[in-house]
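Structure first, commentary second.
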Amino acid sequence: MLLYQDVTLGDLAGKYRTGLGRTSVMEVNPYNSVVSLGHSAGTVTMWKPTSSSPLVKMLCHHGPVSALAFHPNGHTMATAGKDKKIKLWDLRKYEAFQTLPGHANSLEFSQKGLLACGNGSYIQVLRDASGAQNYSRYMTHSMVKGYQIGKLAFRPYEDVLGIGHSMGWSSILIPGAGEPNFDSWVANPFETPKQRREKEIKSCIDKLRSETIMLDPSKIGTVKFTKKEKPTVEEMDADMEAAVEAVKGKKLKKKTKGRSKAGKIMPKKQDAIATAKRPYLEQKIQEEKNISSKKQKTNEGVELPKSLQRFAHKKPSS
């Protein structure tokens, strides 16, 4: 089961049954706030609160998914499975761009893109040194024998990796893991308790509704263009009649003596009616031309039998 709880209002935002077996891994993509679940069948699904079916369903491993992590940019996902493989995925194409041997019970990306993998009492940190989506070993660390690693987490804006294990909590230094230049408008490591309270209130006021969670958050705030449906013949006739009635009901200004006679007013009204009808008639003629050209193209594409080819319309020779 997947449950969504709105902590601001205290309401239950969603309750869905995945139908894909046991789920032991859950992560949130920081880019679009979509929740990803790792299932026992090796699939990874992505959900939003307003959908009873997954937005994306990917077969990532030939075995249960043991760990899952997202890069801060939201376009790279790392998964680990019981098939002893660690895969890195490009979420813009939903394709795996690198597969590494190994097993991990915990995966974590740092702010600068380092990937920490923990398994048993052994930690391995991977880095994309070339920037070409090619991760290789950067650092390794072994815990005291018998310590079982449960969870890894990088500390924001610092080169520190926190390790939660069976005997408590430890931390190690990982150079180059944290973001050195922070933006105080986004996250201020040195904020006072008063600033923290004001930030919480502001975040509650600026919070978007759960309906705005989607795979592509760049669509939020943009105008949704809808295709205009072509009006039917009855609608066009009704619009033309309405335009003609509006012209007939329009009163003409009285002119000087001799220029307001019925013989001079009637041609003016007829011209106005013809002007009101012209755009509708032109549209009808254009549609008829389009239909006839389509029919001609379809007829040209169909090869007639030899007995009927002499009746086919032949193009004039130039």
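Some notes on this structure:
- Over the stretch 1-122, relative contact order from alpha-carbon pairs under 8 Å, at least 6 apart, %: 15
- Of the residues Val28, Val186, ranked by 1.4 Å probe accessible area with the largest first, the sequence reads Val186, Val28.
- With K and R counted +1 and D and E -1, the other residues having a Cβ less than 14 Å from that of Phe70 yield a net charge of -1.
- Sorted largest first, the principal axis extents computed over the alpha-carbon atoms of the chain equal 111, 72, 41 Å.
- Approximate spin-label separation Val186-Gln283, in nm, with each point projected 7 Å along Cα-to-Cβ: 4.9
- For the chain, the 222 nm mean residue ellipticity estimated from helices alone, with every DSSP H stretch of n ≥ 4 adding -39500 (n - 2.57) and the total spread over all residues, rounds to -7500 deg cm²/dmol.
- Length-normalised contact order for the chain - Cα pairs under 8 Å, 6+ apart - percent: 9
- Residue order for Asp239, Asp83 - accessible surface, 1.4 angstrom probe, largest first: Asp239, Asp83
- Globularity ratio of the stretch 1-100, using Cα Rg and 2.2 N^0.38 Å: 1.07
- Dipole size of the chain about its Cα centre, with +1 on Lys/Arg Cβ and -1 on Asp/Glu Cβ: approximately 2620 debye, rounded to the nearest 20.
- Ile273/Lys219 FRET efficiency (R0 45 Å; Cβ-Cβ; nearest 0.05): 0.45
- Along principal axes, Cα extents of the stretch 107-172, largest first, whole Å: 38, 22, 14
- Zone of Arg92's modelled label, taken as backbone nitrogen in the stretch 115-134 under 19 Å from a point 7 Å along Cα→Cβ: 128-134
- The shape of the stretch 86-224 comes out oblate: with a ≥ b ≥ c from the C-alpha gyration tensor, a/c is at least 1.5 while a/b does not beat b/c.
- In units of the compact-protein estimate 2.2 N^0.38 Å, the stretch 1-57 shows a Cα radius of gyration of 1.10.
- Stretching Tyr31 away from Ser210 to a fully extended chain increases their span by 63.0 nm, per 0.36 nm per residue minus the current alpha-carbon distance.
- Modelled this way, with points 7 Å down the Cα-to-C-beta line, the labels at Ser203 and Leu55 are 2.0 nm from one another.
- Distance from the stretch 32-68 to the stretch 137-152 (C-alpha centre basis), Å: 27
- Reachable aspartates and glutamates, given that their alpha-carbon falls under 17 Å from the alpha-carbon of Lys294 and they are not under 8 places away in the same chain: Glu303
- Where Cα atoms sit under 22 Å apart: lysine pairs in the stretch 12-107 separated by 8 or more or lying on different chains: 10
The values are calculated or read from the model by the stated rules, or taken from the named source; none is laboratory data. The model shown is predicted, which means the values in this text are computed figures rather than measured ones. Neighbour counts run over all protein chains shown; Cβ positions are idealised from the backbone, glycine included. Areas reflect the complete protein model, heavy atoms only, side chains present, ligands, DNA and RNA absent. Shrake-Rupley method; radii C 1.70, N 1.55, O 1.52, S 1.80 Å.
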